[in-house]
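For reference, the structure discussed in these notes is given below.
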Amino acid sequence: MKEQNSQLKIGIVLNYVNLVLGGLVPLLYTPIMLKILDTEEYGLYKLSASITSYLALITFGLGAAITRYLIKARTEQGEEEERAVLALFIVIFRIVAVLALIGGGTLSLCLPLWYSESISAEELIRMQWLVILMSFNTAINFIASPYVSIVNAHERFLFLQSMAIISTILAPCLNLVALLWGYASIGLAVSSILSTVLFRLLFWIYVRRTMRIKPLYMRRPKEYIVDVISFSFWIFVSNIGSQLYEATDSALIGAVPALATTGVAIYSVGMILCSMINTINAGISSMLVPKANKMVFNGASTDELTNTGIRVGRIQALIIALFIFGFITFGREFVYFYVGEDYAISYWIAVVCMIPISIPLVQSFFLNIIIARNENRFRALTYLLVALINVVATWYMMKWIGVFGAALATSIANFIGPGLIMNWFYKKHIRLQIGRFWRSLLNVYFVPSILAALFLFLGKYINYYHIPYFIGGIFVFFMLYVSLQWLFIMTDYEKKLMKGLINR
């Protein structure tokens, strides 16, 4: 227990290091990449990535099941059962990897049917190669998934976060080398494969040599397989909805001749800025999966689950609110310095998408609860229905107001589905105290909203497009945010946690 607590504390520290790097590295890397690649080539690369991302659905939701069943096996039946479960998932994901390669080849052949009117023949050939290479990369990730999950299930956060930090730094460096050698988008795809192979191999070595866990291949009863499939099915349905949210916009934009790869590039820059919130939150959320599973398996009450959700949610909200309101205040100038005035609309795409996705992000612990309790059916159906409506709305709004229409439709869908409907479900069916949750988080947003209004007003008199004023404005905003939150908003628990992180 002492070792696990130490791993968790160190993991949290390293997670924040990775958060800083995860914010800084893309800021430095993306403008350089865009200068080497032209807008059309970058759009082609992002469009290929969006299409290939549909291969994630081939897992049928099993990816979310691995950690749960590993923890359940070790908790209820011991180490040998855990090894047997690991072996089962290794076999399953090898099959899934083969299916991904077949699916990627099929997608590659079908591309001319979808994009021949909006993309040139030369670009289509390059896009087909990109999809094939990205499919191979996806297959490698599938093969390694069980090994990553067992490291997470054992809460080896030191290794997990160390790998994340190294990957955050190394992957863009490999990409830049490929670009500087003149290999363009194909080089990016190949460097991603090399990076994936390296890091997945390190996970395999760590599990085998350091953790000394080897899979135990033995026949599993049919009832067990049925239980795993039953658990995974609704996650699979939910993943379909998530995929429609995350990748379909780019796929639709690429099919419109007036927008095509240029529209995809502009939209993708906006979504990169928006996705930084997911990056900020992902490290914290991944470390909550084992805790949520253990609390559920040990019969924690709804009060205990709600209290944990509030503690975690406030910490996430303190970080996310700083980023969102800071970007609302200084984002237009940032986009101008970052990628140039041709991408000005990317600011509005990012802002309109950031606000609604912050709702499920601060409630990520609650999502882990319903997955652990195998009560994901309602969420899956909700996501799927709202996502299908979003696809139709995106198509028409995109033709009406361009790429911003695609972002607006997705934003509204995110507010309705993951926002309003899921909060109703958490309250009525999971019996979590959602009213108390939001009342506990509400004051976190008071300080940044006042600061954003103040600095936007000052922007009428201070030219933030002048770099010294831009940097100075961000620094003063940050210092005021931290000081005011500390003095008036943060709880003793949050202050103690921050002091502990600083001391470590």
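The values are calculated or read from the model by the stated rules, or taken from the named source; none is laboratory data. Values in this document were obtained by computation on a predicted structure and should not be read as measured data. Cβ: placed from backbone, ideal geometry, glycine included. Neighbour counts: every protein chain shown. Note: areas computed on protein heavy atoms with side chains; ligands, DNA, RNA excluded. Shrake-Rupley method; radii C 1.70, N 1.55, O 1.52, S 1.80 Å.
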Once both labels are modelled 7 Å past Cα along the beta-carbon direction, what's the Thr106-Ile169 spacing in nm?
4.2
Simple spin-label estimate for Phe478/Thr75, 7 Å along Cα→Cβ, in nm, reads 3.9
Accessible surface of Ser440 - all protein chains present, 1.4 Å probe, nearest 10 Å²
30
Could you list, bin by bin from short to long, the percent of Cα-Cα pairs of region 332-396 in 5 Å steps?
4, 13, 13, 17, 16, 13, 11, 8, 4, 1
For region 113-195, which GluC sites (Glu not before Pro) pass both filters: DSSP loop (anything but H, G, I, E, B) and at most 16 other C-beta atoms within 10 Å?
Glu117
The ratio Rg/Rh over the Cα atoms of region 162-202, Rh being the Kirkwood inverse mean 1/r radius, stands at 1.00
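Once Rh is set to the Kirkwood radius over Cα pairs, what Stokes-Einstein translational diffusion coefficient, in µm²/s, holds for region 381-482 at a temperature of 37 °C and a viscosity of 0.692 mPa s?
Estimated via Stokes-Einstein, D reaches 192 µm²/s.
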Mind jotting down the three principal axis lengths of region 361-434 based on Cα atoms? Whole angstrom, largest first.
42, 20, 17
How much solvent-accessible surface does Tyr396 expose, in Å² to the nearest 10, with a 1.4 Å probe and all protein chains in place?
150
Can you work out the FRET efficiency for the pair Met498 and Phe446, with r the C-beta to C-beta distance and R0 = 25 Å, to the nearest 0.05?
0.85
Any of Lys427/Lys495; Lys35/Lys399; Lys46/Lys495; Lys72/Lys427; Lys72/Lys428 with alpha carbons more than 31 Å apart? Name them for me.
Lys46/Lys495
How large is the convex hull of the C-alpha atoms of region 290-437 per residue, in Å³?
115
Quick one: the Cα spread of region 296-357 along its three principal axes, in angstroms, biggest first?
55, 16, 14
Give the accessible area for Ile92 in Å² (nearest 10); use a 1.4 Å probe, count only protein heavy atoms, and leave out ligands, DNA and RNA.
40
Simple spin-label model, 7 Å along Cα-to-Cβ: Ser301 to Leu99 in nm?
4.3
Take the Cα atoms of region 393-448, find their three principal axes, and give me the spread along each one in whole Å, biggest first.
42, 33, 8
Using a 1.4 Å probe and counting only protein heavy atoms, arrange Trp181, Trp204, Trp424 so the residue with the most accessible area comes first.
Trp181, Trp424, Trp204
Would you rank Tyr461, Tyr426, Tyr336 by solvent-accessible area, highest first, keeping every protein chain in place and using a 1.4 Å probe?
Tyr461, Tyr336, Tyr426
I need the Kirkwood Rh of region 441-504: take the reciprocal of the average 1/r across all distinct C-alpha pairs and report it in angstrom.
13.3
Could you calculate the FRET efficiency of Leu113 with Leu194 from 1/(1 + (r/R0)^6), where r is the beta carbon distance between them and R0 is 30 Å, rounded to 0.05?
0.45
Where the convex hull is taken over the Cα atoms of region 51-141, what is its projected area averaged over directions, in nm²?
6.0
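Which length gain, in nm to one decimal place, applies between Phe488 and Asp227 when the Cα-Cα distance is subtracted from 0.36 nm times their residue separation?
Result for the pair: 89.1 nm of gain on full extension.
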